[in-house]
Amino acid sequence: MATDSATDFTLDSAAALAADEHGAIEGRSPWLLAWRRLRRNYVALAALALFIVIVVTCALAGPYAKHVAKTGPNVGHLGETFTRDGQQVQVVSKGGFVNGKFIAGGIPVGPQLWHAGGRYVFGADQQGRDVAVRLLYGGLNSLKIGIGSAIVCMVFALVLALLSGYYGGWVDWVISRVFDLIWAFPVLLLAIALGTALAINGFHHFGINIEGGSLWIPVIVISFVLIPYVARPLRGQILSLREKEFIEAAQAQGASPLRVMFAELLPNVASSFLVFFALMIANNILTESGLSFLGAGVQPPNPSWGTLIDDGSDRLVTAPWLTIIPGIAIVLTVLSLNIFGDGLRDALDPRAKVRIER
């Protein structure tokens, strides 16, 4: 019986198909396919590049302060002057009459860009501190808290979700009730209450001694209040995966619960874990900024983007750069992470309608 050679494919035609494709037919791992999707999402890659630039820039806070600005993040320069284009300029004006015109005192110098030899690039604050130096150190603290709290939150959320989703029963009931208890409070209000209490007294229990001004305080507070928001979706996925045939097969072969959880379930929720991690960093940086602005996060004199906005909130008219510059830094950081997180989610989603080319 005659057949159309263009459509006559049998199991034995794989070799001919491979020859027609000028290469052997080989499988593609999901991670390789995800990378191919991601590398064609230029917006997401640009957002990732922007975030890396922000991280590297903040990491250079020490060399910039030492070799360029020649001042520290908490060093005030009230009553001092600096040289700008060969003239002496007051860091914070004393006020009085100048050329018959009254000038209000206490106004810090504005952004100098590079006219002052690298000093006061973004101006000074009301205490005469270099805003650019404090911006970099504040960004370093905000990034440490955002990334650190995201790691702590994701690890605890993943472990609790695996235990709750795999064992079910009373284990799931207890963990779910703890999640409900935390979820009953608004996130920011609970974080403010915990952050304020720990900022005053510190944490001195179970052999752990953390002072109130430590950066570990906002890390612990933020990671604690956000655990249910990550663990619940992961728990739902694990509950669904637990009923799959490959889990039953692993159990039938005598696999221990730990092996099933970390060798079978964990790889299947790894994509969701990565997406949550990228988005949690952005969310935690925002939360830290809000807590620091309200006095329940990073404690003075340590800078953060939230404390910088708080410091300049009463100078919006006379020195608006004190709030605008750290606000722009927060927006760029959070926006870059959210865009990259969305791109990562689309790349890891096998149903994403993104063309993959060889």
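For residue 200, the requirement of being of a type in the set (A, V, I, L, M, F, W, C), open to solvent by 50 Å² or more (accessible area, probe 1.4 Å) and under 29 Å from residue 59 (Cβ atoms) is not met. Step by step: first the residues of the range 111-128, then only those that are touching a helix residue (DSSP H, G or I) at 6+ places or on another chain (Cβ under 9 Å) and open to solvent by 20 Å² or more (accessible area, probe 1.4 Å), then the one that is nearest to residue 85 (Cα to Cα). Which residue is that? The selected residue is 117.
Where strands (runs of 3 or more DSSP E) fall entirely within the range 38-150, those with at least 1 residues that are in contact with a Lys or Arg (Cβ under 8 Å, 6 or more places away or on another chain) and of a type outside the set (D, E, K, R) are at 81-84. Within the range 76-133, the residues that satisfy the criterion of being aliphatic (A, V, I, L, M) and at pLDDT 80 or above are 78, 89, 91, 92, 107, 109, 121, 124, 131, 132, 133. Residues in the range 163-179 that are open to solvent by less than 40 Å² (accessible area, probe 1.4 Å) and within 20 Å of residue 149 (Cα to Cα): 179 alone.
Whenever a residue of the range 197-225 is closer than 19 Å to residue 300 by Cβ and without any contact (Cβ under 8 Å) to a residue 40 or more places away in the chain, its partners that are in a loop (DSSP other than H, G, I, E, B) and open to solvent by 90 Å² or more (accessible area, probe 1.4 Å), lying with C-beta atoms within less than 8 angstrom and at least six residues away or across chains, give the pairs 202/211. Out of the residues in the range 243-272 that are exposed (fewer than 11 other Cβ atoms within 10 Å of the Cβ) and of a type in the set (A, V, I, L, M, F, W, C), state the one that is farthest from residue 155 (Cα to Cα). Within the range 243-272, the match that is farthest from residue 155 (Cα to Cα) is 252. When only residues in the range 303-315 that are open to solvent by 40 Å² or more (accessible area, probe 1.4 Å) and modelled with pLDDT under 90 count, which is nearest to residue 127 (Cα to Cα)? Filtering first and then ranking leaves 311. Of all residue pairs spaced 6 or more apart or on separate chains, those with beta-carbon atoms under 8 Å, a first member in the range 270-297 that is under 17 Å from residue 337 (Cβ atoms) and a second member that is assigned to a helix (DSSP H, G or I) and of a type in the set (D, E, K, R) are 275/345. Looking only at residues that are more than 9 Å from residue 160 (Cβ to Cβ) and among the small types (Gly, Ala, Ser) in the range 223-238, which one is least open to solvent (accessible area, probe 1.4 Å)? Among those residues, the one meeting the criterion is 223.
Filtering 182, 151 for residues that are within 29 Å of residue 258 (Cα to Cα), within 24 Å of the chain's Cα centre (by Cα), at pLDDT 95 or above and surrounded by 12 or more Cβ atoms within 10 Å (Cβ to Cβ) leaves a single hit, 151. Cβ-Cβ distances below 6 Å connect the following pairs, each with a first residue in the range 324-345 that is within 25 Å of residue 31 (Cα to Cα) and modelled with pLDDT under 95, a second residue that is open to solvent by 10 Å² or more (accessible area, probe 1.4 Å) and among the polar types (S, T, N, Q), and a separation of six or more residues or different chains: 343/41.
The values are calculated or read from the model by the stated rules, or taken from the named source; none is laboratory data. All values reported here derive from a predicted model rather than from experimental measurement. Virtual Cβ from ideal backbone geometry, glycine too; neighbours counted across all protein chains shown. Please note that ligands, DNA and RNA were not included when accessible areas were found on the heavy atoms of the full protein model with its side chains. Shrake-Rupley method; radii C 1.70, N 1.55, O 1.52, S 1.80 Å.
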